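The values are calculated or read from the model by the stated rules, or taken from the named source; none is laboratory data. It should be emphasised that the depicted structure is a prediction, and the values quoted were computed from it without experimental measurement. Here the Cβ is made from the backbone with ideal geometry for all residues, glycine too, and neighbour counts use every protein chain on show.
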Amino acid sequence: MDVRQMEYLIALADEQQFTRAAAVCGVSQSGLSAAIRSLEDELGTPLFTRTTRRVDPTDAGLALLPFARAALAQLTAGRDAVVRATNSPSGRLRVGAEQCLGVIDVPPLLERFHRRYPLVDIHFTQAGSHDLVSHVRAGELDVAFVATTEHLATANSVELGRRPVVLLTPPDHPLAAAPEAEWEQLRDRDFIDFRETWGVRSLNDAACATHAVARRVRCTVDDIHTLLDLIHRGLGIALVPQHVAAKPQATGLATIHLPAASTPEWIVSAITSTQAEASASLLLEIVESDHSSDLVHA
């Protein structure tokens, strides 16, 4: 077992698909698949079950995962300790993020930054993407992690990743019988969606308008877990980024794919103010080291 195999194992368990896991790790799909097979051969047991739609850890894979995560955490802590011993900047960092971005986990990122640069005073804000963009443009935040491509012209933007949008329904909903649906099948349905400040809401509104889908947004939320709870209770259906459908709280709901050619992608970016504190670049260095293969600068 080596470090790279542990990284591949974790990515595949998190992404549940070889294509996305390979993209996260910055390798070819065949390279990641070969590394996982080599690890399985070494251990003498399958670590994942493979189907045409998803990949799930076996009991053996689940047993190995916490040790893999712990090993990588120790390596990361060692690198951070070296940086801390040789470089101790101070100042402040004002950072914001939308909830549950999927392609980046902000709390562990801030924890790592704090360990590496303990003298930097961190101020964190959670809000909808459109509010965060406004705060960055006004110089009130140094860095924000957002899920929108709107109004970014005056900010420095780095794309971190993207996910397709899927439909979530209760298991007994008429659309739940098939794994795929056409946009016209969504017309005049009851929906649950996020408040207008969330990037996914404007993405959904624009997509429905493009496809002439008149919908009734019966419930408006500011929390992903509340949205999933309302779907479970039969109060509506929802268009969400694919990673939301993979959350444990979504277990039991039906995930329905829409035509890839006509369905927009949900895009996550890091944006920085033109007058950001110097600490912003230090945070982005950590982000770039974790997403080096996927970054698109704008």
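Identify, please: which residue in the stretch 247-298 is in a loop (DSSP other than H, G, I, E, B) and modelled with pLDDT of 90 or more and is, among those, farthest from ASP223 (Cα to Cα)? Looking at the filtered set, the residue picked out is PRO259. Here LEU228 passes the criteria (1) crowded, with 18+ Cβ neighbours inside 10 Å; (2) at pLDDT below 95 except the one numbered (2). Residues in the stretch 231-241 that are crowded, with 21+ Cβ neighbours inside 10 Å and not small (Gly, Ala, Ser) were compared, and the one that is nearest to PRO174 (Cα to Cα) is ILE237.
Yes/no matrix, rows are residues, columns are (1) assigned to a helix (DSSP H, G or I); (2) in contact with a Pro (Cβ under 7 Å, 6 or more places away or on another chain); (3) small (Gly, Ala, Ser):
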position: LEU132; (1), (2), (3): yes, no, no
position: GLY139; (1), (2), (3): no, no, yes
position: LEU160; (1), (2), (3): no, no, no
position: PRO164; (1), (2), (3): no, no, no
position: LEU168; (1), (2), (3): no, no, no
position: PHE191; (1), (2), (3): no, no, no
position: THR197; (1), (2), (3): no, no, no
position: LEU203; (1), (2), (3): yes, yes, no
position: LEU228; (1), (2), (3): yes, no, no
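Filtering the stretch 1-20 to residues that are touching a residue at least 24 places away in the same chain (Cβ under 8 Å) and hydrophobic (A, V, I, L, M, F, W, C) leaves MET1, VAL3, MET6, LEU9, ILE10, LEU12, ALA13, PHE18. Residue count for the stretch 37-76 satisfying the condition of being of a type in the set (A, V, I, L, M, F, W, C) and loosely packed, with under 14 Cβ neighbours inside 10 Å: 7. Out of all the residues in the stretch 92-99, is one or more part of a helix (DSSP H, G or I), within 30 Å of GLN275 (Cβ to Cβ), without any contact (Cβ under 8 Å) to a residue 60 or more places away in the chain and assigned by TED's automatic domain parsing to the domain that holds LEU141? So far as the stretch 92-99 goes, no, none of its residues is part of a helix (DSSP H, G or I), within 30 Å of GLN275 (Cβ to Cβ), without any contact (Cβ under 8 Å) to a residue 60 or more places away in the chain and assigned by TED's automatic domain parsing to the domain that holds LEU141. Taking the listed residues SER279, SER273, the one that is among the polar types (S, T, N, Q), crowded, with 22+ Cβ neighbours inside 10 Å and assigned by TED's automatic domain parsing to the domain that holds ARG94 is SER279, with no other qualifying. Is one or more of the residues making up the stretch 208-223 outside any loop (DSSP other than H, G, I, E, B), within 21 Å of the chain's Cα centre (by Cα) and either modelled with pLDDT under 95 or crowded, with 21+ Cβ neighbours inside 10 Å (or both)? Within the stretch 208-223, none of the residues are outside any loop (DSSP other than H, G, I, E, B), within 21 Å of the chain's Cα centre (by Cα) and either modelled with pLDDT under 95 or crowded, with 21+ Cβ neighbours inside 10 Å (or both).
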